Amino acid sequence: MTGPTRESWYQLVPLCQAVRLAGHQVIVAGHEDVLPVVVSSGLPAVAVSATTLHAGLVDRSGEQVEIPSDAAERDLAIGRIIGRFAARSLDGLSSIVEQWRPDRVVGDAWAVAAHLVADRYGIPYVRFGVDIATPVAQTLAAIMELGPELEKWGRHDLSTPWLSISAAPPALRPADAPPSEPMRCLPVETQVALEPWMYLRDSRPRVVVSVHDPSLPWALFGPARLAELTVGLPGLGAEVVVAGSPAALEQTPPLPAGVRVGQAPLAVLAADCDLVVHQGYPDTILTCLDKGVPQVFLPAHPGFVEPAEQLTELGAARVTCAASSAPEHVTDLCGQVLADSALRETARRMHGTYDLPDPRRLVDLITAEIDGDGQGEVAE
């Protein structure tokens, strides 16, 4: 089961494909708005709910939920939203499990419904998490929100996962993250027919600005603010490329002449660029680490600040507050990174430290003890 956003699905693709290519049958459960990107990845999918993450902003009594400014209270509120989102998935996911009888349930860390349904039917649960910017407090709050469902099914808590897999590089893995098998998270994203400018560059430094549509209801800012903050980058004498999904680019205001804008895959651009400026989303971080490129963070969510600061301490990135920074400050910060050969070399070396096991090496762990007939027993 994928999480509530297309980014959470992209991170699961390499593992799902590895299991499928090893000869096992894989069906992906998800919400209707995520299914188009699931099937575009070449995997079969089934909808479990038509709800959206934004629907979780209304609590069970029908009241609109406000996202607190305090960090700890904010994590609890986000966890509750994830829990309400999961509650609306339980009937659909239970129906699939009852009918298909899978041998394993693999769930994104945000897809808490997968864990609860696996426990209900006695199926080994495999947790998959990127474990970047997802505090344990959010998961605990999601479980608290699912209290009525747990009680209905005669449970007080969720079990310890049968197996846990994490794509977080060791340097960014939170101390409170659950013990997990490491896995390299290969960059996956929606592909397009490439134009030459996407993979060819001129003699100038290339700066990529990666924009996300504000799909998370608690994001502090979206593409318009990012464009405002990076408007001065052409003044550095750099080739500036703004890339993102169609939804993100639709919200991006007009940019200075000469700035390239398009739905170019970040993994293609980052393979030959000098700097990526982004909002701190985990999928962008992982792509930059995989390509060994320096990063400048303008965090779109308070939870994105910690990994940005960790990479800054390691000497591979810089971070500034998007809420209070001026465009001149961002331009100056990017100029410093472009002029800092030591930082670029550190970022390049980070690629080596990110050399985690290939997803194919985890298939045997996931499928251990499966009897081979593809029809596991479901215990009520």
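The values are calculated or read from the model by the stated rules, or taken from the named source; none is laboratory data. Everything numeric in this text was worked out from a predicted model, so none of it was measured. Neighbour counts run over all protein chains shown; Cβ positions are idealised from the backbone, glycine included. When the accessible area is computed, the model is the full protein with side chains, heavy atoms only, and any ligands, DNA or RNA have been set aside. Shrake-Rupley method; radii C 1.70, N 1.55, O 1.52, S 1.80 Å.
Just a few scattered comments:
- If only residues of segment 243-263 that are aliphatic (A, V, I, L, M) and open to solvent by 10 Å² or more (accessible area, probe 1.4 Å) are counted, the one that is farthest from the chain's Cα centre (by Cα) is 257.
- Scoring residue 125 on the criteria (1) out of contact with any Pro (no Cβ under 6 Å at 6 or more places or on another chain); (2) surrounded by fewer than 24 Cβ atoms within 10 Å (Cβ to Cβ) leaves a single failure, condition (1).
- Annotation note: of 183, 198, 144, the sole residue that is of a type in the set (A, V, I, L, M, F, W, C) and open to solvent by 50 Å² or more (accessible area, probe 1.4 Å) is 144.
- Considering residues of segment 109-122 that are among the small types (Gly, Ala, Ser) and open to solvent by less than 30 Å² (accessible area, probe 1.4 Å) only, the residue farthest from residue 164 (Cα to Cα): 113
- Pairs are defined by a Cβ separation below 6 Å, a sequence spacing of at least 6 or placement on different chains, a first member in segment 253-267 that is charged (D, E, K, R), and a second member that is modelled with pLDDT of 95 or more and open to solvent by less than 30 Å² (accessible area, probe 1.4 Å); the pairs so defined are 260/241.
- Pairs meeting the criteria (first residue in segment 211-225 and in contact (Cβ under 8 Å) with a residue 60 or more places away in the chain, second residue open to solvent by 30 Å² or more (accessible area, probe 1.4 Å), beta carbons under 6 Å, at least 6 apart or on different chains) are 217/54; 218/67; 222/214; 222/251.
- Within segment 166-183, residues that are acidic (Asp, Glu) have Cβ atoms under 8 Å from residues that are open to solvent by 60 Å² or more (accessible area, probe 1.4 Å) in these pairs: 181/365, counting only partners at least 6 apart in sequence or on another chain.
- Residue match in segment 94-108 (condition: crowded, with 21+ Cβ neighbours inside 10 Å and free of Cβ contacts under 8 Å to residues at least 60 places away in the same chain): no
- Qualifying positions in segment 275-318 - touching a strand residue (DSSP E or B) at 6+ places or on another chain (Cβ under 9 Å) and surrounded by fewer than 21 Cβ atoms within 10 Å (Cβ to Cβ): 305, 309, 310, 312
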